[in-house]
Amino acid sequence: MSTGPGADSAPVHKPDTRTRRGGETFSSLRIRNYRLFFTGAIVSNTGTWMARITQDWLVLSLTGSAAAVGITTALQFLPMLLFGLYGGVVADRYPKRQLLLVSQAALGLCGVALAVLTLSGHVQVWHVYLIAFLLGMVTVVDNPARQSFVSEMVGPEQLRNAVSLNSANFQSARLVGPAIAGVLIAGVGSGWAFLLNGLSFVAPVVSLLLMRTGELHKVERVPRGKGQLREGLRYVAGRPDLVWPIVLVGFVGTFGFNFPIWLTAFSGEVFHVGAGTYGFLNTLMAVGSLVGALAAARRGSTRLRMLVIAAGVFGVLEVVAALSPAFWLFALLLVPIGMIGLTVNVTASSAVQMATDPAMRGRVMSLYMMVFAGGTPIGAPLLGWVTDAYGARVGFAAGGLISLAAAVVVGLVLARVGGLKVAVGWRRGHPQVRFVARERLTTAA
């Protein structure tokens, strides 16, 4: 049955597999299907950021409790931690375009339901908890399906560029969505912000319906069978080039990305700058993240060495920011922190996707997202406790030190697996530390 214009009944077109020329930031947008996907995502991502801000504000208004806001966030991420791997099995088993049509429509319905409850004046905090949990359940399938669908739209040669542009898309919405939400909350109330978020998912649904399925890169579907989850875990366990990037991004995501806790604490307790400046700090991070995404889109290759270095620099920057004596220095450091943090995420995501067999990509990406996002319910309360008990500077520095330590350990493990060894020497009068092949060291000796 046809699902809309350009569906299976349309004439078959050859996939656009033109090789991107070096330095073209937006090269994957030449592909029609991805261009549609990207356009729909701009609208829905803006709505999602509107809903995030409005949801937190609504819960705070209903309860007066910051802990209740934390519970809402935990409920939204908890399904990924509990059921994320099963979402990957579903994504590998069924056509991803059809899965996304269902999941995006479901996300929109959740937004509309919360809007109706709020506009009618009947909303209670348990309603918000329930809808947050339902959103998380839908995301369990939507996330691996959406991430692995990118490769079907653009092919392997454009994958890194498309992953980077997806991140740029999300960060652009992060700049616009909260501002729109603030205007709507102040002007007409939270319910209308929720309604616009729900309606925003019409855009990705329409973009999926308009795609030419004949231009998608075909991927062999995994038939229903027993042991597919274990098969995915065994596949990753036998691949050090998958295991260690996932481990690294897990530590960085769990302990290094708790910015809502730290920025709130620094704004109120350290620099005493108020809520308005807190929003400004978030904007600075979003600007850095957007710059990092666009820079990643220009790079033509993905190397694990870059991932390890970026994670290490990210940790160092967090420690420096934690010790910053002046507000202006702290604020300025948020831009490179956002940029390098986004580089870690994009590099890890694209490296894992490009190294994975297409038939396994859904399960592998679900594991990736389970480790990266599923660590939030663990890391946020732990780092929140450290921040409350020992202060904002100690909490922020702890997250940075853990990220740095993870980068060092994973870098050494990858070097050992790859038959590399640390070489220390001098180059043009300056000390230099680098990894070289063991055979080369033996020959030089």
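Over the Cα atoms of segment 239-418, Rg to Rh with Kirkwood Rh, two decimal places? Display every interim value, and only then the final one.
Values: Rg = 16.3 Å, Rh = 16.6 Å.
With Rg and the Kirkwood Rh in hand, the quotient comes to 0.99.
I'd like to compare 400-412, 376-388: which one has the highest average count of other Cβ atoms within 10 Å, and what's the full order after that?
On the way: 400-412: 20.2, 376-388: 18.4.
Packing proxy ranking, top to bottom: 400-412, 376-388.
With an 8 Å cut-off on Cα pairs and a minimum separation of 6 or more residues, tell me the relative contact order of segment 239-418 in percent. Please report the intermediate quantities before stating the final value.
Working: 238 pairs, mean separation 76.8, N = 180.
Contact order relative to length: 43 percent.
Hey, for a label at Val408 modelled as a point 7 Å past Cα toward Cβ, could you say which residues of segment 313-334 have their backbone N under 12 Å away?
Inside the label zone: 316.
Positive end of the dipole of segment 142-266, charges at C-beta (+1 Lys, Arg; -1 Asp, Glu), about the Cα centre: which of Phe194, Ser207, His217 has its Cα farthest in that direction?
His217
Going by average Cβ density within 10 Å per residue, which order do the peptides 328-337, 36-45 take, highest to lowest? Don't skip to the answer; put the middle values down first.
Numbers: 328-337: 17.7, 36-45: 21.2.
Going by the mean number of other Cβ atoms within 10 Å, highest first, we get 36-45, 328-337.
Determine ³J(HN,Hα), in whole Hz, for all residues of segment 50-61 in sequence, where each value follows from phi through the Karplus function 6.51 cos²θ - 1.76 cosθ + 1.60 and θ = phi - 60°; x replaces Gly and Pro.
4, 5, 4, 5, 5, 4, 4, 5, 5, 4, 5, 5
FRET efficiency for Leu229 and Asp357, Cβ-Cβ distance as r, R0 = 22 Å, nearest 0.05?
Numbers: r = 16 Å, r/R0 = 0.73.
Result of the calculation: an efficiency of 0.85.
By how many nm would the segment from Leu329 to Lys218 lengthen if fully extended, with 0.36 nm per residue of separation less the alpha-carbon distance? Before the final figure, lay out each step's value.
Numbers: separation 111, 0.36 × 111 = 39.96 nm, distance 4.98 nm.
Once the chain is fully extended between Leu329 and Lys218, it gains 35.0 nm.
Every read-out reported here was derived from the displayed coordinates using simple, explicitly stated rules and does not represent laboratory data. Just so you know, these numbers come straight off a predicted model, no measurement behind them. When we count neighbours, we look across all protein chains shown, and the Cβ atoms used for this are built from the backbone with ideal geometry, even at glycine.
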